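The next block holds one structure in the form of structure tokens; read it before the comments.
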Amino acid sequence: MAIGTDGAAIISGGLVLDGTGAGAVRADVRISGGRVVEIGPDLDPGEAKVHDATGCYVSPGFIDTHTHYDGSLFWDPTCDPIIQHGVTTILIGNCSLGLAPIRKEQVGSLAHIFSYIEDLPREVLEAEIPWTWETFPEYAREMRSRAFGVNIVSLVSHSLLRLYEVGEEAWKRASTPEETSRIALTYAEAIEAGAFGVSMSLFDRNPAGDLVPSFHSDTAEREALFAVSAERRGIVQFIPETGDLDQQERDVREMGGYSARHGGVPVISNGIFQRPDDPDYAPRLVAVGKEIRASGGNFRYLASPRSIELLINFHQCMVFIFVPAWNEVVQPDMPPEEKRRRLADPEWRARAKADWNAVKGGFPSGDMLGLSRIITVGKPENEKYLGGNFQAVLDERPGHVSDILADWALENDLKAEFVYPFTNTNIAEVGELLASDVSIISASDAGAHIGMFDGAGDTTLVLTRHVRDRHDLSLETAVKRMTLEQAELLGLADRGVLKVGAHADIAVFDLDALNWETEIKVFDIPGGRARFRRPVGGFRYTFVNGVLAQENGERTGALPARFLGAEDRIIA
């Protein structure tokens with residue numbers, strides 16, 4: 001089904017949660033022309049199609065402000081399975097990653113960087129994305145020519161703005177005053193064409209360990225971006241340094257200061273988590289966030305209910321980004337025979353141990369590697385370790401942990417894999433972060449790291465674990481935090497709320513019927529490549545722009561959504 005509506009319909013007999021935080025009210029919802037046209041008890045259906053919501057809550061569709069579906073939209077416009085978890089609008093272009101602006105000669109390097117940082121198959125990105133654009137307005141026109149299963153909101157990448165206007169020098173230096181003016185102008189043109197703001201990164205690196213171009217901007221350039229955001233109601237999303245808490249705090253304070261000086265430009269920071277390796281991590285960042293908000297900064301951290309599990313392997317992995325010698329050998333471009341040679345080489349091992357010892361925070365500091373769960377081995381005699389922690393191997397073998405890991409990689413013919421639960425292991429503390437006024441519940445990362453996890457379904461996990469089972473949030477509060485709060489932060493007009501005149505993005509669910517299950521591996525990426533997919537969440541219906549997009553976990557085949565633009569934004 002193309003973009004459009006399926007005519008008038010009534011969602012009948014449910015408990016309406018309007019997204020404002022108000023209590024549920026038993027009412028019917030009439031939709032027509034893609035909008036909510038009436039809400040009230042016992043509405044006369046007339047000729048409208050009736051969708052039974054008896055025993056269910058009827059809420060605004062959920063909004064996910066942190067996804068990386070930028071590339072996969074071209075081979076899966078439904079973003080499966082996110083609509084089966086009640087999500088009707090997503091934000092792409094996060095983390096200073098995106099697809100425009102881009103000069104033709106930069107496409108290959110962009111695909112390489114995107115695939116590395118977000119763990120996506122490079123050859124699929126290069127082959128499946130049409131690359132028919134250079135500027136952001138051209139990209140927006142291409143996206144508007146397509147139909148999608150969920151509404152698409154996009155940021156523009158700061159790194160791409162810098163590469164477009166500065167060239168390869170953007171990897172090394174700040175922009176000149178003239179270049180800064182061009183970057184600001186190109187950013188303003190992107191907002192006029194439909195971008196909702198800009199994304200920055202002070203953390204990410206390419207496979208060689210070089211910090212992305214966004215990092216190399218100076219204060220003048222960052223001020224210029226915030227000035228454009230203030231004038232045109234854009235938001236700023238950024239990743240601070242996460243391996244050093246002191247530097248992370250400095251980065252957060254810097255961005256919060258720009259927000260306060262520029263009239264409260266909305267700033268979203270990645271991210272806030274409960275860290276088992278550092279009990280002071282989250283409380284310290286919460287305190288900083290409160291200070292920024294008290295001083296006039298419009299600042300939020302992304303918060304996720306889900307633990308971030310790091311996949312560790314020896315063929316494509318970015319977790320060793322702070323251990324240069326190890327980072328070299330886990331790249332997909334290095335032939336296996338060269339990996340084996342280096343892992344056995346005494347000179348490489350000496351360098352690897354020195355790099356390992358230099359890590360003071362983040363992976364693999366402390367006992368992180370020992371706590372990693374062994375999920376794959378390369379030899380039958382090592383299957384006894386499957387499901388256990390790597391600490392069992394470390395306890396059996398003398399020597400430096402880096403040497404033991406190198407031996408393990410060689411012993412298992414480079415097929416060994418581990419999973420480390422890096423964050424959010426204390427569920428009670430996670431609930432506190434989800435409820436905090438300095439956070440926004442939206443850190444799914446869905447669409448990225450598809451060989452590690454599927455971020456789709458965070459909405460369901462919040463509603464099941466933190467609302468239904470633990471009562472960390474009331475249902476009314478959780479729905480507001482995942483709907484209206486998101487829409488207000490992004491500046492989305494008439495979304496995130498159930499009221500007459502609003503877009504008919506609607507989730508219908510029986511709270512007791514919802515379920516959040518572990519991902520399974522499927523092979524539906526072009527070329528038969530694998531990804532992890534979250535099972536459906538138990539939602540009865542999801543409507544997007546008034547069209548039934550899924551029913552009882554099954555997609556209807558409708559593509560009623562579009563790439564949202566300037567006409568969908570609240571400017572004032």
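Rule-based calculations on the coordinates, nothing more; no lab input. Because the structure is predicted, anything quoted here is derived from the model rather than measured. Reconstructed Cβ throughout: ideal geometry from the backbone, glycine too, with neighbour counts over all protein chains shown.
Structure values in brief
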{"item": "Pairs from 290/480; 104/339; 172/415; 353/521; 172/521 whose Cα-Cα separation, in the structure shown, is over 29 Å", "result": "104/339; 172/415; 353/521; 172/521"}
{"item": "Given charges at beta-carbon only (K, R positive; D, E negative), |dipole| of the chain in Debye", "result": "340"}
{"item": "Given charges at Cβ of Lys, Arg, Asp, Glu: the stretch 132-185 dipole, positive-most of 155, 184, 171", "result": "155"}
{"item": "Between the stretch 98-118 and the stretch 245-307, the alpha-carbon center distance in angstrom", "result": "28"}
{"item": "Length-normalised contact order of the chain in % [C-alpha pairs under 8 Å, at least 6 apart]", "result": "22"}
{"item": "Gyration tensor verdict on the chain (Cα atoms; rounded if a/c is under 1.5, prolate if a/b is larger than b/c, oblate otherwise)", "result": "prolate"}
{"item": "Student exercise, the stretch 310-421 dipole from Lys, Arg, Asp, Glu Cβ charges, in Debye to nearest 20", "result": "160"}
{"item": "Anisotropy class of the stretch 94-221 from Cα gyration tensor, a/c 1.5 cut", "result": "oblate"}
{"item": "Residues with amide H under 5 Å from that of residue 274, placed H, sequence gap 5 or more", "result": "424"}
{"item": "For the stretch 310-421, convex hull of alpha carbons as volume per residue, Å³", "result": "91"}
{"item": "Other-chain or far-sequence residues with amide H under 5 Å of residue 299's (modelled H)", "result": "267"}
{"item": "Residue 492 long-range amide H proximity, modeled H, under 5 Å", "result": "570"}
{"item": "Cα-based equivalent ellipsoid of the stretch 1-116: semi-axis lengths in Å, sorted from largest, via gyration tensor", "result": "39, 16, 11"}
{"item": "Directionally averaged projected area (convex hull, Cα atoms, the stretch 396-504), nm²", "result": "10.7"}
